[in-house]
1. Quick test of the membrane-span-like rule: which DSSP H helices of the chain reach at least 30 Å along their long axis (C-alpha atoms) with mean Kyte hydropathy at least 1.0?
2. Could you work out which residue, out of VAL332, VAL169, VAL247, moves most in a Gaussian network model of the chain, that is, has the largest mean-square fluctuation with Cα springs under 10 Å?
3. Would you grab the residues whose amide H sits under 5 Å from the one on LEU72? Only those 5+ places off in sequence or on another chain, please, with H modelled 1.01 Å from N.
4. For the chain, what is the mean residue ellipticity at 222 nm derived from helices alone (per DSSP H run of n ≥ 4: -39500 (n - 2.57); sum divided by total residues; nearest 500 deg cm²/dmol)?
5. Please go through the range 154-184 and write out the trypsin sites (Lys or Arg not before Pro) that DSSP classes as loop and that have at most 16 other C-beta atoms within 10 Å.
6. In the range 246-317, what chymotrypsin sites (Phe, Trp or Tyr not before Pro) fall in a loop by DSSP, with at most 11 other Cβ atoms inside 10 Å?
7. Label the range 147-267 by shape, choosing from rounded, prolate and oblate, from the square roots a ≥ b ≥ c of the eigenvalues of the Cα gyration tensor; if a/c is under 1.5 it is rounded, and otherwise prolate applies when a/b is larger than b/c, oblate when it is not.
8. Within the chain, what's the longest stretch lacking GluC sites (Glu not before Pro) that sit in DSSP loops with no more than 14 other Cβ atoms inside 10 Å?
Amino acid sequence: MRTTHCLAAAALFTALTFSSSLLAKDLIVGQSLDLSGATNLGKDFSNGIRTYFDSVNARGGVRGRKIQFIQLDDAGHAADAQINIEKLLREQDADVLIAPTSAETLAAVATMPKLRATALTLLGAPTGAEVDAGGGSFRVLALRATFREEARSLLDTLRTFNDGAIALVRGDGPDAGASHTALREEVQARQLKVAFDGTTALWLTRKPSPERIGAVIISGDAIGVMPALQHARRVAPQAVLMGFSTVDHRTLIELVGAAAKGMMITQVVPPPGKTIYPFQREHRALMKQYRDEPPSQHTLEGYIVARILVAAYERVEGEPSPAKVSSALRAVGAMDFGPMRISPRGENTAARYVDQTAISSKGGLVD
């Protein structure tokens, strides 16, 4: 009789365990992003996120739950981003949304009434644009520096060796407008002398002049800064050339070659090609294992966003839900990525980390 009871209890336990595993909900992460545009930002950011999620799933997931990452391409268009979010809300039971990849698409999504009515968090956009998501329970949780903070870093660097006026050129690209506006505001706040402030088209009409231009700061992505950079080499050959973290140095080198040498750009993550810290080594190894391509600033940004989200998922008890995940994200303690310290609670966040790098003669980055 005792044996029968034991067998029955064991069978019941097995059945309950099996039933529980069948009912266990996958962790569903959604995102609308630019995967088909001219810039590599969306693709690289996606690869960094997917690489870390792949490694987590390979080791069994988070508490036995696998991560489903559902991405929809918006090609960088605000209207398409909103359509994608509507589709995700209608067809997917997502726990969290990773934010779109540009100022325009992030602003369009962040103000959607249907999304603001949910408990979903928009996590970790790879843009420095500052977005007011409005009131209610809906929140945007940024993990990286703002364009205004990048502008401060660029201008702080100029103070050490620049004695001429500054040219502010608005190039092209998804974040060219937002970064140029932030730069102009910071220049005005410091009352700096400006030799030029306008579009690339206007800049290309400028002729060499006796007025000394100490620096040319170009807003935009690699393709979007190319014409202005080449013209700056002709009309202001002694000027320091600068750009934002939106510039992918590998693409710029392919486009303009030696003309990119010495251009300084901001970084909002530690150097992705280095192996000083464990997270850098892990990211490089995972990129090679799952994507077979070198890391970049944007793949490392994606990797960091994915790690923060997994850390939050590990804190969720029971079935995941948007409210639980949003709460868990804000309960995650500070995480160190070398010199970069992230606390989603808002204290000492990654929005304070900005560094400078320069493009070397060999096409790499010099720290």
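FYI, it's all coordinate maths here, none of it is from the lab. Here the structure is a predicted model, which is why all the values come from computation and not from measurement. In this analysis, Cβ positions are derived from the backbone assuming ideal geometry, glycine residues included, and neighbour counts consider all displayed protein chains.
1. Values: long enough: 2-23 (31 Å, 1.05).
Membrane-span-like by this rule: 2-23.
2. Of the options given, VAL332 has the highest mean-square fluctuation.
3. Amide H to amide H, under 5 Å and 5 or more residues apart or across chains, LEU72 pairs with GLN31, SER32, LEU33.
4. Details: 13 runs with 159 residues, N = 367.
About -13500 deg cm²/dmol.
5. On the way: sites: ARG159, ARG170, ARG184; in loops: ARG159.
Listed in order of number, the matching sites are ARG159.
6. Values: sites: PHE279, TYR290, TYR303, TYR313; in loops: none.
Loop-located and lightly packed - none at all.
7. Numbers: a/c = 1.38, a/b = 1.09, b/c = 1.26.
Verdict is rounded for the range 147-267.
8. Working: sites that count: GLU211, GLU314, GLU317, GLU347.
Result, exposed sites excluded: 1-210.
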